[in-house]
Amino acid sequence: MKRVSILGSTGSIGKSALAVMRAFPERFRVEALACLTSVEALAEEAREFRPKLCVVGDRERAERLRKLVDDPKIRVAWGDEGLREAASLESADAVLSAIVGAAGLLPALAAIDAGKTLALANKETLVMAGELVMARAAAKGVPIVPVDSEHSAIFQCLSGQDRASLSALILTASGGPFRAWKRAEMEKITRDMALKHPTWTMGPKITVDSATLMNKGLEVIEARWLFDVTAEKIRVVVHPESIVHSLAAFRDGAMLAQMGPPDMRGAIAYALSYPERLPLCPEPLDLAAIGALHFERPDTERFPCLSLAFAALAAGGTATAVLNAANEVAVSAFLAGRIGFFRIPALVEEALSSHAAIPRPDLPEILEADRLTRAETEARVNKA
């Protein structure tokens, strides 16, 4: 039986992970559950799965959670310290990191330092500190298994392959809800429009990132570190059906693609059970019913966030942490109705333009770049 701590258990990835574990109770045991704000949802999960530890964002929420759970066998903690404890719990074999945003970095490092297998759904961990995280995982002998559908697809496509023969990694993007919109139409985009994703069900922040194509940009940076390839070998193609999750291309002209329904449970189950495959989906895709799959190049004029991510990756060092921090603040402001849709990439570009990247940064330098960028971007939002 695999014992798992789930960080971000009340979000879309966390809920899907619990659905997998619910379906295979003989295979998995929940050791810890963590979220930042959703106390009632976490309490419901705790009553069902009976973990040893539950973690929320602050002391006040922890007191509410303790009363709702009402079980002396379930310990309650809070804050960054609580997240790091959940990530390094002695009884856990693996940690599923599904917290959204920069909050996932320090718990991921704690999991690595504790020698836990890291099932990584929090792409910001590698966007902010990819070189540092991968080096620490290598030093500790800790495997990092990707959970994002695109990176899981590439992970599967590269299994057993000669890496020297690899010519390109091709990440697929749904294109989001505005793929076919003209620029003039996009000026009228609202929060509710951006949250209506055509193929995936995700949390608000990731859904907006998908609409701007920043999500794909973050995944490009994540892929660079996960698979140890240069940016020149990473490409993006828009695939609106979201059936081909990503591809690997080889020097002999062959391409390997991983296909499946647009359902995160497949990638989650594979990460948790790797190298085994669980009997999760009794019916395969009906390709004849699907009929056709479509692919097109991304339009970086209408969706400049993708180009900004490649630019940050090329700049290196702290630039990718700055990209992420500015985007998190900008998306939050958009969701709150404080800025328009196209102000998101503008704010990210302003942050990158004003930052002198520090090469090969240590953790304090990364965290300081994150902190400073958030403050500067918030000030720019308030000026607008």
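The values are calculated or read from the model by the stated rules, or taken from the named source; none is laboratory data. Owing to the predicted nature of the structure, the values given are computational and were not obtained by experimental measurement. Please note: Cβ atoms are built from the backbone with ideal geometry, for glycine as well, and neighbour counts cover all protein chains shown. Just the protein is used for accessible areas: all its heavy atoms, side chains included, with ligands, DNA and RNA removed. Shrake-Rupley method; radii C 1.70, N 1.55, O 1.52, S 1.80 Å.
Quick one: ranking D70, D209, D93 by accessible area, 1.4 Å probe, largest first, what do you get?
I get D70, D93, D209, largest accessible area first.
Quick one: the Cα spread of region 63-171 along its three principal axes, in angstroms, biggest first?
Principal-axis extents of region 63-171 (Cα, largest first): 56, 26, 24 Å.
Sorted by accessible area (1.4 Å probe), largest first, how do K140, K2 line up?
Highest to lowest solvent-accessible surface, that is K140, K2.
Output ³J(HN,Hα) for region 264-270: one whole-Hz value per residue in order, computed from phi by the Karplus curve 6.51 cos²θ - 1.76 cosθ + 1.60 with θ = phi - 60°, and x for Gly and Pro.
Going residue by residue, I get 5, 4, x, 5, 5, 4, 5 Hz, with x marking Gly and Pro.
For the chain, what does the accessible surface come to per residue with a 1.4 Å probe? Please give it in Å².
Normalised by residue count, the accessible surface of the chain is 44 Å².
Between region 183-259 and region 75-104, what is the separation of their alpha carbon centroids in Å?
Computed from Cα coordinates, the inter-centre distance equals 27 Å.
Measuring from centroid to centroid over Cα atoms, what is the spacing of region 38-68 and region 140-180 in Å?
First find each Cα centre; the distance between them is then 34 Å.
Report, in debye and to the nearest 20, how large the dipole of the chain comes out about its Cα centre when Lys and Arg carry +1 and Asp and Glu carry -1 on their Cβ.
Using Cβ point charges on Lys, Arg, Asp and Glu, the chain gives about 360 debye.
Semi-axes of the chain's equivalent ellipsoid from the Cα gyration tensor, sqrt of 5 times each eigenvalue, largest first, rounded to whole Å?
So the equivalent ellipsoid measures 30, 26, 21 Å along its semi-axes.
How many angstrom lie between the Cα centre of region 1-31 and the Cα centre of region 362-384?
Spelled out, the Cα-based centre of one part sits 34 Å from the other.
Roughly how large, in nm² to one decimal, is the mean projection of the convex hull of the alpha-carbon atoms in region 273-357?
The directionally averaged projection comes out at 10.0 nm².
Before rounding to the nearest 500, sum -39500 (n - 2.57) across all DSSP H runs of length at least 4 in the chain and divide by the residue total; then give [θ] at 222 nm in deg cm²/dmol.
-14000 deg cm²/dmol
Of K182/K233; K15/K123; K67/K205; K2/K196; K188/K383, which sit over 28 Å apart, Cα to Cα?
From K182/K233; K15/K123; K67/K205; K2/K196; K188/K383, over 28 Å: K182/K233; K67/K205; K2/K196.
Scaled to the compact-protein estimate 2.2 N^0.38 Å, what is the alpha-carbon radius of gyration of region 169-315, rounded to two decimal places?
1.10
Could you work out what % of the accessible surface of the chain is carbon and sulfur, using a 1.4 angstrom probe and leaving DNA, RNA and ligands out of the count?
51 percent
Of the options V238, L323, W78, report the single residue whose Cα projects farthest towards the positive end of the charge dipole of the chain (beta-carbon charges: Lys, Arg +1; Asp, Glu -1).
W78
Can you tell me what the convex hull of the Cα atoms of region 105-227 projects to on average, as an area in nm²?
Over every viewing direction, the Cα hull of region 105-227 projects on average to 9.0 nm².
Over region 248-303, consider all pairs of different Cα atoms and compute the Kirkwood hydrodynamic radius from their mean reciprocal separation; express it in Å, one decimal.
Across region 248-303, the inverse of the average 1/r is 14.6 Å.
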